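The values are calculated or read from the model by the stated rules, or taken from the named source; none is laboratory data. What you see is a predicted model, and the numbers here were worked out from it, not measured in a lab. Cβ coordinates were reconstructed from backbone atoms using ideal geometry, including for glycine residues, and neighbour counts include every protein chain displayed. Keep in mind that these areas ignore ligands, DNA and RNA; they rest on the heavy atoms of the full protein, side chains included. Shrake-Rupley method; radii C 1.70, N 1.55, O 1.52, S 1.80 Å.
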Amino acid sequence: MTDLDAIYTFRLAKSLTSVDNFWTTSADPEQPPSKPIDDIIKRSYYQFGIFLDFDCPQGQDYLWENSARRSLNDSFFWLVWSRDKYPPEIESLNVNFDTEMIWAYPEAEHNRIALYDLYKINYSWPLNGTLAGHWTSEEGLRITLTQYKYERRQDMRGIVLTAGLAVNNIPLENLQEELVKPENRMKDAMATYHFSVFQLLMQSYNFSVIIKPTGLFGYVVENGKLEGVTLMLKNHEVDLSVSALFINAARYTCMDYINARTWKFTSLAMFRHPSVTGSYGGVLLMPFDMDVWISSAGMWLVVIVSIRFISWVETTTFDFIPKSHDEDTVRSWSDSLMIIIGAISEQGTTLDSKWIAWRTALLAACMLSVMVNTSYSASLVSSLLSTPQKTIRTARDLIESSLQFAAEDISYSVGLFAVITL
């Protein structure tokens, strides 16, 4: 490094450190280039920019090392400085389609520093360079690329990509045709929906895919091994996944995610709440609380005892002259019970007495019967016409109910029930 380069490096570092919320790190020349930065870039909650001097041998080593690790993507903003325009040897870099890389070099004829935006459609395809802007001491920084990154890179020139898809219950022969058939939507809703969304991407970005199907989304199984779509992405068997995958620690280490919400997915049980959740006896007892039933039974018992006692007093203490043989055998406990049953059913009774006390007890029994029957009928009708009480509110209530439960026969449901806690 020349003295002039050292001065420029010092000025750049000083300018960057003067900006708020901006940290800078420098590599130790005695260590491999990636060592001092690895611990920092693992913190994905920061937005990282990497400034690299391509004319420096260590800078080139670090660039090729990240190319081999395939980290030249949109996880970091790359600013590469060189004395010349990007040379032909960087054509072999593994630059992604979403890479944020600016190549800066001085243009003596224009007295400015030119800035080129670099990306590749595919690792084996040529490098695409677009003039993004320039910098001069008089004008400062001028950016000419005003379009969104994916809008200006929209034409992928008909490239054929390999995509993984978790699909169940759909014929695999001519899979892309089967996925768009309406009758297959109910067989695997997730696969058909995601492929429909993916078709819009193929039309917008001018590319096609070869789908590699599997029956599994990809969960961690025994001994920490992966499976399904996740294993395909880890082994680079496919370029991308048509199926949407949840983010977890095991998947995060072997794939990159994009922030494109296509499916607001929530696992829930959909059912029609039954109108009767208990036995018929419970429905008949439902209008009154247990305290009301106990109070009513106690009052009926008092009435029965009162009528029986008055009848006994009438037939034993005073001169009682029966008018018939049947009347001579009445006034027993069973007769008192039949009087109450007739009052409750509003059928009346054939028995009679000249005693005011007996008639008062019978009148009380009839009035009590009318009140109970009226309240019970009104409560029963209103309870049947009103919305039934929601007794199933948790997963445990659903399991303990009489309802039969079914789930869509896809591999996602199998994994969901394997790890769910009730």
| message | Conditions first: (1) assigned to a loop (DSSP other than H, G, I, E, B); (2) farther than 30 Å from T192 by Cα; (3) modelled with pLDDT of 75 or more; (4) not small (G, A, S). P287 passes all but one, so which condition is the exception? | response | (3)
| note | Output for Cβ contacts, cut-off 9 Å, separation at least six or different chains, first residue more than 18 Å from I211 (Cα to Cα) and of a type in the set (F, W, Y) in the range 236-264, second open to solvent by 50 Å² or more (accessible area, probe 1.4 Å) and not in a loop (DSSP other than H, G, I, E, B), reads W263/Y193
| remark: For the range 74-125, the count of residues that are open to solvent by less than 10 Å² (accessible area, probe 1.4 Å) and out of contact with any strand residue (DSSP E or B) (no Cβ under 7 Å at 6 or more places or on another chain) equals 2
| query | Scanning for something closer than 25 Å to K149 by Cα and at pLDDT 60 or above, does the range 30-48 turn up at least one residue? | reply | yes
| request: For residues that are in a loop (DSSP other than H, G, I, E, B) and touching a Phe, Trp or Tyr at 6+ places or on another chain (Cβ under 9 Å), scanning just the range 57-72, find the one that is least open to solvent (accessible area, probe 1.4 Å). | output: L72
| said: Condition (residue is touching a Ser or Thr at 6+ places or on another chain (Cβ under 6 Å) and either at pLDDT 80 or above or closer than 24 Å to D409 by Cβ (or both)) applied to the range 251-273: is it met by at least one residue? | reply: yes
| task | Considering every residue within the range 235-245, establish whether at least one is modelled with pLDDT under 80 and not small (G, A, S). | result | no
